[in-house]
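Scroll down for the structure; my scribbles are underneath it.
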Amino acid sequence: MITPPRILLCFLVLILTWNTHANTQPQQHAIATAHPLATEAGMAILRKGGNAFDAAVTVSAVLGVVEPYSSGLGGGGFWLLHRANDGKQVMIDGRETAPLAAHRDMYLDKSGEPIPKLSIDGPLAAGIPGAPAALAHIAEQYGVLPLQKTLAPAIKLAREGFMVDAYYRRMASFRLTALRADHTSAQQFLLEHQIPPKNHRLRQPDLANTLQALAESGRDGFYAGEVARKLVTGVRQAGGIWTLQDLQRYQIIERQPLIGQYQNARITSASLPSSGGVVLMQMLNMLGHFDDLDQQNPADRTHLLVETMRRAYQDRARYLGDSDFVDVPLNHLLSPVYAKQQANSIDRYKASISSPMTAGKPEGADTTHFSIIDQQGNRVAATLSINYPFGACFVPPGTGVLLNDEMDDFSIKPGAPNAYGLVGNQANAIEPGKRMLSSMSPTFVETENQVTILGTPGGSRIISMVLLGALEAIKQTPVETWVNTPRFHHQYLPDAIQFEPHALSENTIIQLRSKGHKLKPLNNQYGNMQAIIWNKRTNKMSAASDHRGIGKAVIFPATD
Ligand code: DON
């Protein structure tokens, strides 16, 4: 039997080994974001003496300006922070909340059926934004620079404009009808009701003023005063239900991230109201029972991964919701006993069948992720969203703030699929002030020698992408490789393996079919992963921005 002092000794030996071989400070900075202008703005702030948290404020704000289809002040997100000097790890939950006047059946018609698009387009689709409060909080509690400095690049880009690129055009064309339907959105994001041409300079003066108010007055610059009044007036005039009280009472929440272990790695990821960490840990806990995972041929390995995805996503649909409102059986879902039971239910030769609940198909959409590490080792993994591309396609006049359509992430009717085909039930039903369940999964993966920071947009597919990335990071596959490798996904319902072009070979497809899997080849790629690896042994950094997007990853030396 191991006596307590012996355990202590083991820990000491571990710590000593880690310290003798591993560097504690990277002495370099790295940033990976979905847009070059955001990466450059983050670099500039680090060069001006800001830390990773200041850079996160800058990058978040700039992304909201230059990727208006992905995130912004009108949305929310999760910022996973690691502070180097004391090792504090925290998740800033800036998720949107349901307005106080929201109710369970607000998107259903008289016969109880979902009214198409009501939770996607227009002000009724918008939750109360969390991003502005989160930025103010991060700046105050973790940054070293004032918001005036960290928001300056975003204010400048909003005022002076940025060049429209092909990606912007693609996103705008996806949402053209909805953008045209709102006069203010059309003015801000289109040119005479058409998609602006490439290299058109898109200026957002109202947004610049709102950012300025946030820079000058902190959270009150958004949630109180003139901006708040304009937001509420605009929303209500267009049929929405926001009140000033909704804005005043919005609070970010500092939450303990979810921490798990897989092989020799410690995984830190998003806690509820994101399902990301729970689903990720459940999958890893199950996979822990398959020591031979990487000795399998591609079809058998894919099969095992798919079966763990199916089970974890099923629990997502059944049990997960905002734990401040509903009881979520987390201890059970994350227990070793349950993981073993679920792993045992996997037949290596045969696909399980997802018990029926109606489900739709996920569609292409947007959101954004960035990863940052500074020279001291402070880190940020942040996934931010306004949900669908260009969110609700609604801008309250005079604010420049494009509102989210995150209300669609609630389960608007038990079993009815949302925009990503995800189903849910009572745990994720709408309630006033409640946060809608998310899949956003900013994640750290740490082994003795390596720190990985990763995340991606992609709706329901976020969590499976992070799983595939994390498994490769643990195997020490180069970051460029796994960020860009074609991906596959299963989310319980619809009961099919979705996969990007070239993700599965013909032979693998045949073998998976013979096990009973349904396969759904996708025409498009998905995801936009931004990842950084710090090798603590060599003190080398590597970073990658997904080739599916237009982002940029940089590594640069510390200035002093
Ligand atoms: O919070 C969520 O899970 C979704 N609103 C994220 C949407 C998303 O990633 C769309 N991106 N492709």
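Derivation of every value follows stated rules applied to the coordinates shown; laboratory data play no part. Keep in mind that what you see is a predicted model, and the values were worked out from it rather than measured. Ideal geometry is used to build each Cβ from the backbone, glycine not excepted, and the neighbour counts take in all protein chains shown.
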Report, for the chain, the % of DSSP beta bridges that are antiparallel, rounded to 5. 95
Lys/Arg Cβ at +1, Asp/Glu Cβ at -1, dipole of the range 360-518 taken about the Cα centre: which of Tyr388, Leu437, Thr367 is farthest positive-ward? Leu437
For a 25 Å ceiling on Cα separation, which of these pairs sit above it: Lys88/Lys552; Lys413/Lys434; Lys434/Lys518; Lys340/Lys515? Lys88/Lys552; Lys434/Lys518
Using only the Cα atoms of the chain, build the gyration tensor, take square roots of its eigenvalues as a ≥ b ≥ c, and label the shape rounded, prolate or oblate: rounded if a/c is under 1.5, else prolate if a/b is larger than b/c, else oblate. oblate
In this structure, the FRET efficiency calculated for Lys48 and Leu334 from their beta-carbon separation, with R0 = 25 Å, to the nearest 0.05, is 0.05
Give me the base-10 log of I(q)/I(0) for the range 165-256 at each q in 0.15, 0.19 Å⁻¹, Debye formula, one uniform scatterer per Cα, rounded to two decimals. -0.77, -1.00
Once every Cα of the range 25-138 carries one equal point scatterer and solvent is ignored, give the base-10 log of I(q)/I(0) from the Debye formula at q = 0.13, 0.14, 0.20 Å⁻¹, two decimals. -0.62, -0.69, -1.09
Need one number: the % of Cα-Cα pairs in the range 397-440 sitting beyond the 14 Å mark. 49
The range 482-543: Cα Rg divided by the 2.2 N^0.38 Å rule of thumb: 1.50
When a/c reaches 1.5 or more, the comparison of a/b and b/c decides; with that in mind, is the range 244-286 rounded, prolate or oblate per its Cα gyration tensor? prolate
At q = 0.11, 0.12, 0.14, 0.20 Å⁻¹, the log10 of I(q)/I(0) for the range 205-358 from a Debye sum over equal Cα scatterers comes to -0.65, -0.70, -0.80, -1.20
The range 454-512 shape via C-alpha gyration tensor axes, a/c threshold 1.5: oblate
Using a cut-off of 20 Å between alpha-carbon atoms, which lysines can reach Lys520, once sequence neighbours fewer than 8 places away in the same chain are excluded? Lys350, Lys361
Computed, not fitted: 222 nm per-residue ellipticity of the chain from DSSP H runs ≥ 4 (each -39500 (n - 2.57)), nearest 500, equal to -10500 deg cm²/dmol
Which stretch or stretches of the range 485-513 have amide N atoms under 11 Å from the point lying 7 Å from Asn297's Cα along the Cα→Cβ direction? 507-512
Given all pairs of different Cα atoms, what value in angstroms does the Kirkwood hydrodynamic radius of the range 303-413 take? 18.0
Students often get this wrong: which residues of the range 391-412 have the backbone nitrogen under 18 Å from the point 7 angstrom along Cα-to-C-beta of Glu113? 412
For the range 413-560, count the residues as N, evaluate 2.2 N^0.38 Å, and divide the Cα radius of gyration by that value, please. 1.22
One-quarter of the Cα convex hull surface for the range 73-200, in nm²? 11.2
